[in-house]
Amino acid sequence: AKEYAQKALQGYQQIYSPTHADTLIAKWNLATLYSKRSRDDDARNLFEEILQAYREIYDETHPHILETISALAITLLNLNEYSRAIKMLQEAVGLAPQTLSATHPTFLALQGRLAHALSSVGRLTEAESLQRQILDTNLSFHPAPQPQSLVPALNLACTLEKLSRFEDARSEEHT
């Protein structure tokens, strides 16, 4: 699969400009394959190239930029570059409301990834606060149990357990 993705990228680079949508999609696909193969250094390099290209085309609050920051941050977390990942996600979460609603899936995903990153470095109180916000947002437009509200509830329960708040965690699991 990697070879085909590389050939597709090379073909797009020969036909189109480096910032053409098809070229960037081919780069994204290859970066994703690298990520799945634990070739996170290669994935990081491609996601950084994609982010730079998008920044030449779009405003910083464009969903393509926010989604690329999210993908790059996941890769950085895999590489144990927590500080950089957290900083990028915090900036993206701060910018996202300018173009995305509080219920937009990209915005919620950015918040979720930031909460995960904060939890990964032991900033559990901050992670808990963000996870509660995500859960409350999901429950406000999906009051009955939905997959969109179950995952945030479980993430919050795990954080509460890490904080040794077992009773709180148990009640969140039943949300």
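The values are calculated or read from the model by the stated rules, or taken from the named source; none is laboratory data. Quick caveat, the model's predicted, so the values are computed rather than measured. Using ideal geometry, Cβ is built from the backbone for each residue, glycine included, and neighbour counts are taken over all protein chains shown. Each accessible area value is taken on the protein alone, full model and side chains, heavy atoms only, with ligands, DNA and RNA left out. Shrake-Rupley method; radii C 1.70, N 1.55, O 1.52, S 1.80 Å.
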Subject >> Loop-located trypsin sites (Lys or Arg not before Pro) in region 11-114, at most 12 other Cβ atoms within 10 Å (DSSP) >> reply: 37
Subject >> R0 of 30 Å, Cβ-Cβ distance residue 121-residue 58: FRET efficiency to nearest 0.05 >> reply: 0.50
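Loop-only check: which chymotrypsin sites (Phe, Trp or Tyr not before Pro) in region 1-44 are DSSP coil with at most 15 other Cβ within 10 angstrom? Display every interim value, and only then the final one.
Details: sites: 4, 12, 16, 28, 34; in loops: 16.
Passing both the DSSP loop test and the Cβ count: 16.
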Subject >> Helix axis angle, 147-162 relative to the chain longest principal axis, alpha carbon, degrees >> reply: 70
Original post:
Considering the Cα trace of the chain, what is its radius of gyration and what is Dmax, both in angstroms?
Top reply: 17.9, 59
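Tell me the per residue accessible area of region 1-119 using a 1.4 Å probe; a whole number in Å² is fine. If you can, show how the numbers build up before the last one.
Values: 6180 Å² over 119 residues.
Per residue, region 1-119 has an accessible area of 52 Å².
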**OP:** For the chain, set up a Gaussian network in which alpha carbons nearer than 10 Å are linked by springs, and say which option among 41, 59, 136 fluctuates the most.
**Re:** 59
Subject >> Per-residue SASA entry for residue 62, accessible area with 1.4 Å probe, Å² rounded to 10 >> reply: 50
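When only Cα pairs under 8 Å and 6 or more residues apart are kept, what is the percent relative contact order across the chain? Don't jump to the answer; show the numbers that get you there.
Numbers: 190 pairs, mean separation 21.0, N = 175.
Value for the chain: 12 percent.
Counting only protein heavy atoms and using a 1.4 Å probe, what share of the accessible area of region 29-76 belongs to carbon plus sulfur, as a whole percent?
Numbers: 950 of 2250 Å².
Solvent-exposed carbon and sulfur of region 29-76 make up 42 percent of the total.
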